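Engineer: Sharing a structure here in structure tokens format.
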Amino acid sequence: MERDGSVQFERGGGEAWRNPFPMYRELRDHAPLVEIRDGDYWVLSRWNDVFDALIDTATFSSAKGLTTDYRDMEELGLESPIVMMDPPDHTAVRKLGIKQFTPRRVREIEAMVRDFVVERVERLREAGEGDIVTDLFKPLPSRVVAHFLGVPDEVRDRFDGWTEATVSANAEGDILKDGADAVAEMFRLFAGLIEERRKEPREDLFSALVHARIDGEPVSMARILGFGFTMVTGGNDTVTGLLGGASQLLSEHPEAKAHLAAEPEAIPRAIEEFLRLVSPLQALARTTTREVSLHGQTIPAGKRVLLLYGSANRDQREFGPEAEVFEPDRKIRRHLALGYGSHHCIGAATARLQARVVLEELLARCPDFQVDAEKGRFAPGPHVRRYESLPFRADG
């Protein structure tokens, strides 16, 4: 925790995620650049500053890591995963993976996603109540990630357990301690799949990477494992966070819920507003490669800078005086919930698909649903804001 005059900055995690938005507003208005001396990093909160940092990869580098504790993925024995690379290396690896997320490939999973969602929503509807995170919002993205990685159906249950343990440990910053066993089991599975795909390629991400070349050289095992790890840690809790936040907003705005139930064709636009306001990934860090002067202060070279996506996406300077008001039909030109520029989320289309299918089926089958946000419990971790438990009633 750090004070800049009358402004106090507190990292998210657990109960601190319940309502960080007044703090964000104070930062934007009175302390848009804050030095956190104890942690030896800086914080940016306004739209323009965060946006500029995201597109200026030469100055704000991802290559040193994305947290504020000056550690990175090398501790796992991996080469830098795609999220911890800068162009042009990042561009070369991204091209290999993005072919698996074309509009056609994403459309192909809709039936699978819908079948799973319908089964889980019907289970909740018949029971009348339940924990919608446990029953739907958490297992769905794990299933989608497993599909793109080519994880066989017979090990999906174990994969879901490893994913949950890995994501939880990663969120709390104890991946080497609390998540070591899950990561080891998952990497053993991945290594086996990679070897199988060398002999018999299929239409999955591991096959694409195993048989690809960068500058004429094969992609290393460590880099392929790193890509798989990034898919697990980046494609699970963020979607869970989006779905939990969207269900809360709809419960708090019954008129919007009724509007979307009556006009499901409006759901895709509403998803952009959910993404903007919920911003599951609230913050990530970059490292300065040179001195940067902003707001009358100078950030030295080699310092971590925490970019508050969750604050930038509510900045009235970009979205107008009603920026913090939920408007499902808002016309949004751009937002940062899925990153921007070279690091725009590679799985953005799959996240939108999952959100659309969930909202379509939930509103069609339980149009009066209600979640109890006050009794909901937030997951630990300073980067992703998500419910780990959220009571649900099918009839409101």
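The values are calculated or read from the model by the stated rules, or taken from the named source; none is laboratory data. What you are looking at is a predicted structure, and each value in this text was computed from that prediction instead of being measured. Positions of Cβ are backbone-derived with ideal geometry, glycine not excepted, and every protein chain shown enters the neighbour counts.
Engineer: Among the residues of region 80-105, what is the count of those that are of a type in the set (Val, Ile, Thr), part of a helix (DSSP H, G or I) and surrounded by fewer than 20 Cβ atoms within 10 Å (Cβ to Cβ)?
Structural biologist: Residues that pass the stated criteria total 2.
Engineer: Being charged (D, E, K, R) and either closer than 17 Å to Val357 by Cβ or within 20 Å of the chain's Cα centre (by Cα) (or both) is the filter here; which residues of region 105-131 pass it?
Structural biologist: Arg105, Arg107, Glu108, Glu110, Arg114, Asp115, Glu119, Arg120, Glu122, Arg123, Arg125 - these are the residues of region 105-131 that are charged (D, E, K, R) and either closer than 17 Å to Val357 by Cβ or within 20 Å of the chain's Cα centre (by Cα) (or both).
Engineer: Next question. Between His259, His253, His295, which is touching a residue at least 60 places away in the same chain (Cβ under 8 Å) and at positive phi?
Structural biologist: Residue meeting the stated conditions: His295.
Engineer: Give the residues of region 19-49 that are surrounded by fewer than 20 Cβ atoms within 10 Å (Cβ to Cβ), over 23 Å from the mean Cα position of the chain (by Cα) and not in a strand (DSSP E or B), sorted by residue number.
Structural biologist: Glu26, Asp29, His30, Arg37, Asp38, Gly39, Asp40
Engineer: Let me ask you something else. Quick check: is even one residue across region 223-231 charged (D, E, K, R), within 24 Å of the chain's Cα centre (by Cα) and either part of a strand (DSSP E or B) or crowded, with 22+ Cβ neighbours inside 10 Å (or both)?
Structural biologist: no
Engineer: Can you tell me how many residues in region 262-279 are among the small types (Gly, Ala, Ser) and surrounded by fewer than 21 Cβ atoms within 10 Å (Cβ to Cβ)?
Structural biologist: Of the residues in region 262-279, 2 are among the small types (Gly, Ala, Ser) and surrounded by fewer than 21 Cβ atoms within 10 Å (Cβ to Cβ).
Engineer: Determine the pairs where a residue that is in a loop (DSSP other than H, G, I, E, B), located within region 207-218, has a partner that is at pLDDT 90 or above and surrounded by 19 or more Cβ atoms within 10 Å (Cβ to Cβ) with Cβ atoms under 9 Å apart, the partner being 6 or more residues away or on another chain.
Structural biologist: Pairs that qualify, where the first residue is in a loop (DSSP other than H, G, I, E, B) and the partner is at pLDDT 90 or above and surrounded by 19 or more Cβ atoms within 10 Å (Cβ to Cβ), are His211/Arg197.
Engineer: Does region 7-18 hold any residues that are surrounded by 19 or more Cβ atoms within 10 Å (Cβ to Cβ) and either in a helix (DSSP H, G or I) or in contact with a His (Cβ under 8 Å, 6 or more places away or on another chain) (or both), and which are they?
Structural biologist: Matches in region 7-18: Gly12, Trp17.
Engineer: Look through Gly310, Gly396, Gly339, Gly376 and report the one residue that is small (Gly, Ala, Ser) and surrounded by fewer than 15 Cβ atoms within 10 Å (Cβ to Cβ).
Structural biologist: It is Gly396.
Engineer: Scan the strands (runs of 3 or more DSSP E) fully inside region 255-369 and keep the ones with 2 or more residues being more than 23 Å from the chain's Cα centre (by Cα).
Structural biologist: 292-294, 297-299
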